[in-house]
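Visitor: Structure below; questions to follow.
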Amino acid sequence: MYEKIKEMLMSDGAVFVGCSYQEETPFPGLNYCITFGIKLSSAIVDTISEDGPSKTYFHHYRTVNTRLDQMALSAVIELEKAGFNGANIPASQSTEGTRGLFSHKKAAVDAGLGWIGKSALFISRETGPLVRLATVFTDMPLKCEEHIYEDGCKDCDICKKMCPSGAISGKTWEKDINFTDFFDAELCSHYMKEHFKDIGRGAVCGICMRFCKYNKK
Ligand code: SF4
Ligand code: SF4
């Protein structure tokens, strides 16, 4: 069943699919997570400049999130048809301040798909930072391997230098790091709302993604 869902997601545009077991999820008893990602268009990300995002990028960001939600729903439908429980949460939604219900990035890291960069973005081995993620929760048992966490940022600090808000500490992400010491999401969000309010009311920026060294064509 997992292979069938994986195939369906890949044929629908996912660039990777992986799984992990999470102790804490928004749905009691649904601890197996299927995480997948859609690559953002390189040409559209290139419309982000060092001064900020573009309206084209904002539209793309929203469109990709909608596609992720639709794909996650299709996976949930397949799981239920097969007699399991399945559920998903929005690909992008803040429920408490700047935080969502669940960290798609943590699930992606636990699935061995990449690492969390100094920019706090998920950096995929396939696409670098040009990716949006979604997670499907299920009680269908999955064979998820343990993965050794490998940080690819090393001595790079491009995003810290490029970020106009000062949100990026320059520290390397670790599983038990105090997230606020690592990345100041409030500063990032405040800057976007102040400076880019004419683009999706300040919902996006993307400078750190655009200039990350892993943003390769
Ligand atoms: S999205 Fe913009 S403000 Fe936020 S961390 Fe990245 S570069 Fe800085
Ligand atoms: S710009 Fe450099 S430090 Fe920042 S996330 Fe990308 S690789 Fe890591």
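No value in this document is a laboratory result; all are computed from the given coordinates. Keep in mind that this is a model prediction, so the values were computed, not measured. All Cβ positions, glycine included, derive from the backbone under ideal geometry; neighbour counts span all protein chains shown.
Visitor: Would you please give the FRET efficiency between Glu126 and Arg201, computed as 1/(1 + (r/R0)^6) with r the Cβ-Cβ distance and R0 = 30 Å, to the nearest 0.05? Can you show the working numbers first?
Guide: Numbers: r = 31 Å, r/R0 = 1.04.
The calculated FRET efficiency here is 0.45.
Visitor: Now, a different point. Between Phe27 and Asp46, what length comes free when the chain is fully extended (0.36 nm per residue of separation minus the Cα-Cα distance, one decimal in nm)?
Guide: So the chain would gain 3.1 nm between Phe27 and Asp46.
Visitor: How far apart, in nm, are the 7 Å Cα→Cβ label points at Lys216 and Asn85?
Guide: Roughly 4.2 nm, to one decimal.
Visitor: Evaluate 2.2 N^0.38 Å with N set to the residue count of region 1-64, then give the Cα radius of gyration divided by it.
Guide: 1.50
Visitor: Roughly how many whole Å is it from the C-alpha centroid of region 4-62 to that of region 117-135?
Guide: First find each Cα centre; the distance between them is then 8 Å.
Visitor: Taking just the C-alpha trace of region 115-217, give me its Rg and Dmax in Å.
Guide: 15.3, 46
Visitor: Ratio to report: Rg/Rh of the chain, with Cα atoms as the point set and Rh obtained by the Kirkwood method; give two decimals.
Guide: Radius of gyration over Kirkwood radius for the chain works out to 0.95.
Visitor: A follow-up question, please. Strictly over 30 Å apart at the Cα level, which of Lys106/Lys160; Lys39/Lys175; Lys39/Lys81; Lys4/Lys171 would you flag in this model? Spell out each step's value before the answer.
Guide: Details: Lys106/Lys160 21 Å; Lys39/Lys175 25 Å; Lys39/Lys81 28 Å; Lys4/Lys171 39 Å.
Result: Lys4/Lys171 exceed 30 Å.
Visitor: Further question on the same structure: May I ask you to list the trypsin sites (Lys or Arg not before Pro) in region 150-215 that are in a DSSP loop and have at most 16 other Cβ atoms within 10 Å of their Cβ?
Guide: Those that pass, being in a loop and sparsely packed, are Lys154, Lys171, Lys175, Lys197, Lys213.
Visitor: If you don't mind, there's one more thing I want to ask. What residue among Ala107, Ala82, Ala185 has the largest mean-square fluctuation in a Gaussian network model of the chain, using Cα springs under 10 Å?
Guide: Ala82
Visitor: Rounded to the nearest 20 debye, what is the charge dipole size of the chain about its Cα centre when +1 sits on each Lys and Arg Cβ and -1 on each Asp and Glu Cβ?
Guide: 720 debye
Visitor: Let me ask something else about it. Among all the aspartates and glutamates, which ones have a C-alpha under 17 Å from Lys118's C-alpha, if same-chain residues fewer than 8 places away are not counted?
Guide: Counting by Cα, and skipping residues close in sequence, Lys118 has these aspartates and glutamates nearby: Glu150, Asp151, Asp155, Asp157, Glu174, Asp176, Asp181, Asp184, Glu186.
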